[in-house]
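The values are calculated or read from the model by the stated rules, or taken from the named source; none is laboratory data. The structure presented is a predicted model; accordingly, all values stated were derived computationally and were not measured. Cβ sites come from the backbone with ideal geometry, for glycine too, and all protein chains shown count toward neighbours.
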Amino acid sequence: MHDDRDLVEARLRRVLDERIRPAVYPESVPLKVGVWNAPGEPVPVAEGLAATPEPIAVGDAWGAPWGTSWFTVTGTVPHEWAGKTVEALLDLGFDERKPGFQCEGLVYLPDGTPVKGLNPRTQWVRVGAPAAGGEQVELRVEAASNPEIFGPVPWRPTQLGDTETAGSEPQYRIARMDLAVFDETVWQLVMDLEVLGELMVELPADSGRRAELLRAVNRALDAVDLQDVNATAAAARAELAGVLAAPANASAHRVSAVGHAHIDSAWLWPLRETVRKVARTAANMTALLDDEPDFVFAMSQAQQWAWIKEHRPEVWAKVTKAVASGRFVPAGGMWVESDTNMPGSEAMARQFVHGKRFFIDEFGIDNDEVWLPDTFGFAAGLPQIIKAAGSSRLLTQKISWSQTNTFPHHTFLWEGIDGTRVFTHFPPVDTYNCSMTGRELAHAARNFKDKGVARHSLAPTGWGDGGGGTTREMVAKAARVRDLEGSPQVTWEPPSAFFAKAEAEHPNPPVWVGELYLELHRATLTSQAQTKQGNRRSESLLREAELWAATAAVRAGAPYPYAELDRIWKTVLLHQFHDILPGSSIAWVHREARRTYAAVAEELNAVIDTAQRALAGESAGGELVFNGAPHARHGVAAGAAGPAVPEAATTVRPREEGGYELDNGLLRVEIDARGLVVSAYDLTAGRETLPRGRAANLLQLHPDLPNQWDAWDVDSFYRNTVTDLVTADEVRLEGASVRVSRSFGASSVTQLLTLSGGRLEIATEVDWHETEKFLKLAFPLAVHADRYASESQYGHTFRATHTNTSWEAAKFEACNHRFVHVEEPGWGVALVNDSTYGHDVTRTVGEDGTTTVVRVSLLRAPRFPDPETDQGVHRFRHALVPGATIGDAVREGYFINLPERRVPGSASVEPLVSVDDDAVVVTAVKLADDESGDVVVRFHESRGGRVRATLTPDFPFTEVVTTDLLERPTGEANGADGAVSLTLRPFELVTLRFRRA
Ligand SMILES: [Zn+2]
């Protein structure tokens, strides 16, 4: 037989596009349209419904950037449509090629009942099957004219990303506002042909099944009368019934389809718009659940659920009803789908506390699955936190975005720094916006790395970010591939059902140890420095606020600010969303974040101040130093207040060659005439920190234009070009410190270098006005080390200093929390920071042997999506700590983030709890969230070894239990004689709950 495959495939494309799809709506009449443009920000629904509309016509422009327009559409169903299915087609000016990221609408009945969302690929509203015709139709649409930030050419700087700069030019043109007859038979034919046509081209060209599909499609097209598709669609479908009925192969891959809409909590739109995006999508999905009995939808991010509850009670009522039926499923158990590299230990824990608690309180649902499809890499502290929250499974697909290496598994056990393992699945469909195409399903089956031992994978299915979620077309296609020869088999089910099957079929999955590093988006550790600083400050202040408020409550009977702390935690957790903390949102989001963090700081400082004054007693002219850190400092115990012992004084001496030498008996540091540190001598160990001829505190400037994803990415070639900023405008003494001033490009920097104890503190102020540059601060260290440690959640993670393999080479920019530490046996160096996360560590070899170069990432200047990213003044603090053990690094990291607070007073404050071994670090002291007055203490082993220690509470208690992160008891603690004996594994995290006597 002649091979006419290409001919038939081309025929299918043309006839579908030009004849069959247009016949889905064979008849239509225009609706009358009115509009009322809300002045400025969105208005309450009642106000929008009550407003008086002005006439507007199809073809007219509407929608200033970020505006809200309330459309009223009215019409009459023609009498001749009696008995036919009628839909309103409301095209606000959508570009169907882009399923989200544009204007959107939420359709209401005139009484305010939400009907469904309007999105580029769901423009229809079912009106019904009018019995007689003549029925009046009236709908209202709350339409948001969110501008497209990704223009026709991506990554171009745009002023549209902030309402303050976006202007008022209308963004859209009404394209269609009609009542139309919906021909379901034609629509079903479209679904048949799409499924079979898409499956056909994925099958081997020489397979019998492919040929059968080709012949059936050709016969179906023969059966279509191109001048009367509606009358002949049924006959065409009949030609396809046979091939659609053939059951799947016995070895077919099995896909668990989970209805999904990945909604970024803020990104190319502000937070307030996400509130509405979520409501539109949820309304769409509850409507689809009503129409499609097999469909299951999962929604993550408790914050988004809370928004619906607070802002759209009508939608919330539909959601709670659908949750009760088990088909609208809470997923993930986190407050938001946060970044997981940068959030600190407690914040990462609280993501789960607040997320899981919301679903438990609202629905009694305590789910096992962590849902993070889009997060930019996963810190190795996470498995322990997941388990401590009472969960055990993780889903993400983001690692498939890695540019260099292909991850070897799709289903595996992920082992964290402490040895905790969680069952993890990466959907092989490689998207969190699956649309049920044959191509996607075939890719999932082919790509699945665990073939032969497992056969199930998950497909998050639906358009996110304003795409409205799953469409009826996706549901129709899934129904056809439930059991179809040549296709993977698809079943709608919740994530828990998928994981149960996957665990059962794969009892011995492979193990991946350590972080799940994303080989992309590395610059998200640096972009939008003030957002990062706001996060770090907020985390530190929350620690202090809980500690001192709990201490004041127990010691002085002061009220504990439960509600205030709960609210502030949720604010900080929201801003750890994976496009806010990473710095990848529009200018508007980051402008608001800076303001929010300032408000958070003000409130928390007030909480801390109130508690400390309650504890300090009447001032008798004295001054108390409060130490909120987990280690003693200046003679004040951890969590205590008392008089402080000052640091040793620094002696300053000019150097003959220019510059100054600082010496405090512990460290002797030489700063040359260029303001560079040329020697840092550890007087205790008798050892030089820097390699001969190399200078530290060296600012380095690189050009930085990645190939794409400007705010997200730094590409490895950035290192090929570097300018060392060695010219100083001024190097002078300021007290016992050295001040260095430089200028470069349009920017300037001043640094203050100070000895304090065993550390060289460097306060850097940059007035940054560069474009597409990357600013680093370099410290070459005379340390021979194959690996270095970076602080992560509840411990630290090791990375190589070399690039032997592509996996190591790809980690050319990585995340630390408060410290980076390198060491040779017996001697090491820590570099600690108060707010930077990005860094790189490399090695060079010279006369002195190996040099380990640690560089801190200070600032970038990408222009997309925020064209003014990081312009302005920034302040950073770092400290170089020669001779530091890993324990010293932990301690110094806390110190630089928790400055001592001096409060007038005379009554020394004893710590609520103390631990007799510094390896055990207390990360939280607080009152229990249930307001019982119980004291909750969380701590962990911080050095990566085993430890036996005693934790002593300094308050009477009747009972002590271990708990999970949600403060739910998990077991008895050994609390005899008023103290608790501890035996901790490396990095083990423990929460204790004390019932006070
Ligand atoms: Zn996302």
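One table, with the values for the structure above:
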quantity: Residue 372 within 16 Å of the ligand (Cβ to nearest atom) and modelled with pLDDT of 95 or more; calculated: yes
quantity: Selected residue (only one of 381, 390, 344, 377 is modelled with pLDDT of 95 or more and over 25 Å from residue 509 (Cα atoms)); calculated: 344
quantity: Extreme residue, surrounded by the most Cβ atoms within 10 Å (Cβ to Cβ), among residues of the stretch 431-450 that are within 16 Å of the ligand (Cβ to nearest atom) and not hydroxyl-bearing (Ser, Thr, Tyr); calculated: 434
quantity: Residue pairs meeting the criteria (Cβ under 6 Å; at least 6 apart or on separate chains; first within 14 Å of the ligand (Cβ to nearest atom), in the stretch 327-356; second in a loop (DSSP other than H, G, I, E, B) and of a type in the set (A, V, I, L, M)); calculated: 337/372; 339/581; 340/379
quantity: Among the residues listed as 581, 574, the single one being within 16 Å of the ligand (Cβ to nearest atom) and in contact with a His (Cβ under 7 Å, 6 or more places away or on another chain); calculated: 581
quantity: Considering residues of the stretch 171-189 that are farther than 29 Å from residue 148 by Cβ and polar (S, T, N, Q) only, the residue nearest to the chain's Cα centre (by Cα); calculated: 188
quantity: Residue in the stretch 615-623 that is in a strand (DSSP E or B), within 30 Å of residue 908 (Cα to Cα), touching an Asp or Glu at 6+ places or on another chain (Cβ under 7 Å) and touching a residue at least 40 places away in the same chain (Cβ under 8 Å) present; calculated: no
quantity: Residue in the stretch 836-844 that is under 29 Å from residue 548 (Cβ atoms) and not basic (Lys, Arg) present; calculated: yes
quantity: Entirely in the stretch 222-318, the helices (runs of 4 or more DSSP H) that have 3 or more residues that are within 22 Å of the chain's Cα centre (by Cα) and either away from the ligand (no atom under 16 Å from the Cβ) or on the phi > 0 side of the Ramachandran plot (or both); calculated: 271-291, 302-311
quantity: Of all residues in the stretch 398-430 being closer than 24 Å to residue 484 by Cβ and either within 16 Å of the ligand (Cβ to nearest atom) or of a type in the set (Phe, Trp, Tyr) (or both), the one that is surrounded by the fewest Cβ atoms within 10 Å (Cβ to Cβ); calculated: 430
quantity: Flag for residue 95 being charged (D, E, K, R), more than 27 Å from residue 463 (Cβ to Cβ) and either part of a loop (DSSP other than H, G, I, E, B) or touching a Lys or Arg at 6+ places or on another chain (Cβ under 9 Å) (or both); calculated: no
quantity: Scope the stretch 874-893; condition assigned to a strand (DSSP E or B) and either under 10 Å from residue 828 (Cα atoms) or of a type in the set (A, V, I, L, M, F, W, C) (or both); matching residues; calculated: 876, 879, 880, 881, 882
quantity: Residue 131 vs. criteria surrounded by fewer than 17 Cβ atoms within 10 Å (Cβ to Cβ) and either under 17 Å from residue 33 (Cα atoms) or of a type in the set (A, V, I, L, M) (or both); calculated: yes
quantity: Selection from the stretch 584-593 of residues that are touching a Gly at 6+ places or on another chain (Cβ under 9 Å) and within 16 Å of the ligand (Cβ to nearest atom); calculated: 585, 586, 589
quantity: Within the stretch 846-866, tally of residues that are in contact with a Gly (Cβ under 8 Å, 6 or more places away or on another chain) and either buried (at least 21 other Cβ atoms within 10 Å of the Cβ) or aromatic (Phe, Trp, Tyr) (or both); calculated: 4
quantity: Residue satisfying all of: in the stretch 641-693; among the β-branched types (Val, Ile, Thr), assigned to a loop (DSSP other than H, G, I, E, B) and in contact (Cβ under 8 Å) with a residue 24 or more places away in the chain; nearest to residue 628 (Cα to Cα) among these; calculated: 650
quantity: From 540, 487, 496, 527, residue being surrounded by 20 or more Cβ atoms within 10 Å (Cβ to Cβ), more than 16 Å from the ligand (Cβ to nearest atom) and under 30 Å from residue 417 (Cβ atoms); calculated: 540
